[in-house]
There are 2 protein chains.
Amino acid sequence: MELLKQKILNEGEVYEGNILKVDCFLNHQIDCAFMREIGKEFHRLYKDEGINKVLTIEASGIAIGTVVAQELGCPLVFAKKTKTKNIAGDVYTTPVESFTHGTTYNIMVSKRFLGKGDRVLIVDDFLAVGNALKGLIKLVEDSGAELVGCGTVIEKGYQHGGDALREQGIRVESLAIVESMNHETGEVVFRNDK
Amino acid sequence: MELLKQKILNEGEVYEGNILKVDCFLNHQIDCAFMREIGKEFHRLYKDEGINKVLTIEASGIAIGTVVAQELGCPLVFAKKTKTKNIAGDVYTTPVESFTHGTTYNIMVSKRFLGKGDRVLIVDDFLAVGNALKGLIKLVEDSGAELVGCGTVIEKGYQHGGDALREQGIRVESLAIVESMNHETGEVVFRNDK
């Protein structure tokens, strides 16, 4: 998605340790006009797939999930990271290792909101080693729903989480795939467009 | 907002301990078509106030913040609950006591995304005792930005957090104010419409 690549080049910042900071438009401050374009692009990619549910994970996936679900005309479900008093009854749950934070947490979705007959698109802001997506895919499988595919805004291609999922036959669409970054020059190289 | 009240009556569930469960459309599964109506209603209430930033708190405020910011044509900023590696530099921060979970956590917003010259609308899904709103208001004050008002989807009127803020002269608009609930009958009584 050309608009996204330009936005990464113009507004993103590269830090040591392969950190790409895009919190000015994607995951702390959110550029909502731009978000709508993100939603439209995922709609273009997945509109013919009969998706009836978008699944994401709190927190930074929720804005993206909201605009994608709006465009696809279906509900969004977001997996929660901790068990709160207000989730009653049965849930699907699985552990997820956080590459960013070096911790493991549980994610969960109420059984009322995911199940047989659902055709699910999973979305998230970033795809690196793919642990969050793998956890969400596990919840979809456990629920008996059908996974249509995954959509992420920025994939860090050099961490190969997306490629590993594609090798398993899962459709993974990322709107920009970063192949390499240089924190000294600020250069960002994208994988070739399809 | 009549549509919201009907939705609470039709889809909400009342549990012992004054718990109103609306996770089928508001804060776990999200009805995105309905969310757009929420966004339009806050736009109607605040469109003449020159708002240039919507502020909310992760996680369940983000979907509402996204649709409100879309309607108002400005960015959304969401306060984070824990310090992550990817928040660099200076932040505004304040402790918030969670009434629901019985814990205290810190919320923070990067100083790059809130400051003098900003006219801010704070939004959230629920308003009960008002601790989350008070924390967000503190961040706005600390930043030198101007608070235009607050907008919450469901206010629990009997917990008086909204009334306390209104007594301080803060504009607080809630789309439905629950005055009382009965978990045995499932009855929900709303404060009279304006």
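Under the Kirkwood approximation applied to all pairs of distinct alpha-carbon atoms, what is the hydrodynamic radius of region B:1-116 in Å?
16.1 Å
Connecting C-alpha atoms closer than 10 Å in a GNM of chain A, tell me which of A:Arg166, A:Arg112, A:Arg36 has the biggest fluctuation.
Of A:Arg166, A:Arg112, A:Arg36, the Gaussian network model singles out A:Arg112 as fluctuating most.
Ranked from highest to lowest mean number of other Cβ atoms within 10 Å per residue, what is the order of the peptides B:98-111, B:146-159?
Result, highest mean first: B:146-159, B:98-111.
Cross-link list B:Lys47/B:Lys80; A:Lys40/A:Lys156; A:Lys80/B:Lys21; A:Lys81/A:Lys111: which exceed 24 angstrom alpha carbon to alpha carbon?
Correct reply: B:Lys47/B:Lys80.
Can you tell me what share of the DSSP beta bridges in the protein assembly as shown is antiparallel? A percent to the nearest 5 is fine.
Expressed as a percentage, antiparallel bridges in the protein assembly as shown total about 45.
What residue among A:Leu45, A:Tyr92, A:Leu55 has its Cα farthest toward the positive end of the dipole of region A:38-133, where the charges are +1 on Lys, Arg and -1 on Asp, Glu, each on the Cβ?
A:Tyr92
Among bridges DSSP assigns within chain A, what percent are antiparallel (round to 5)?
45 percent
Mean separation of Cα pairs under 8 Å and 6+ residues apart, divided by the residue count of chain B: what relative contact order is that in percent? Present the calculation step by step, with values, prior to reporting the outcome.
Numbers: 369 pairs, mean separation 35.8, N = 194.
That works out to 18 percent.
Can you give the average number of partner chain beta-carbon atoms within 10 Å of each beta-carbon in peptide B:59-72, as a whole number?
Working: counts 10, 7, 2, 11, 9, 2, 5, 11, 5, 1, 7, 10, 1, 1.
Neighbouring Cβ atoms belonging to other protein chains average 6 per residue here.
Taking the label point as lying 7 angstrom from Cα along the Cα-to-Cβ axis, what are the distances from A:Glu167 to the corresponding position in the remaining copies, in ascending order and in nanometres?
A:Glu167 label point versus its equivalents elsewhere: 6.4 nm.
All other residues with a Cβ under 13 Å from the Cβ of A:Gly161 taken together, and with Lys, Arg as +1 and Asp, Glu as -1, what is their net charge?
Overall, the nearby charge balance is -2.
Which distances, shortest first and in nm, link A:Lys21 to the matching position in the other copies, using label points set 7 Å out along Cα to C-beta?
Ordered by distance, the counterparts are at 4.2 nm.
Return the Rg/Rh value of chain A, two decimal places, where both radii are evaluated on C-alpha atoms and Rh is the Kirkwood radius.
Details: Rg = 16.2 Å, Rh = 17.0 Å.
Computed over Cα atoms, the ratio is 0.95.
From other protein chains only, count the Cβ atoms within 10 Å of every residue's Cβ in A:75-81, then give the mean.
5
Using only the C-alpha atoms of the protein assembly as shown, find the volume of their convex hull and express it per residue in Å³.
135 Å³
Take every Cα-Cα distance within region B:103-194, group them into 10 Å bins from 0 onward, and report for each bin the whole-number percent of pairs it holds.
16, 44, 28, 10, 3
Taking every DSSP beta bridge with both residues inside region A:83-187, roughly what % is antiparallel (nearest 5)?
Working: 9 of 23 bridges.
Beta bridges within region A:83-187, antiparallel portion: roughly 40 percent.
Give me the percent relative contact order of region B:41-156, please, defined on Cα pairs under 8 angstrom at least 6 residues apart.
After rounding, I find 28 percent.
We did not get these values from a lab; they are worked out from the coordinates using the rules stated. No experiment lies behind these values; they were computed from the predicted model shown. So basically every Cβ, Gly included, is an ideal-geometry build from the backbone, and we count neighbours across all protein chains shown.
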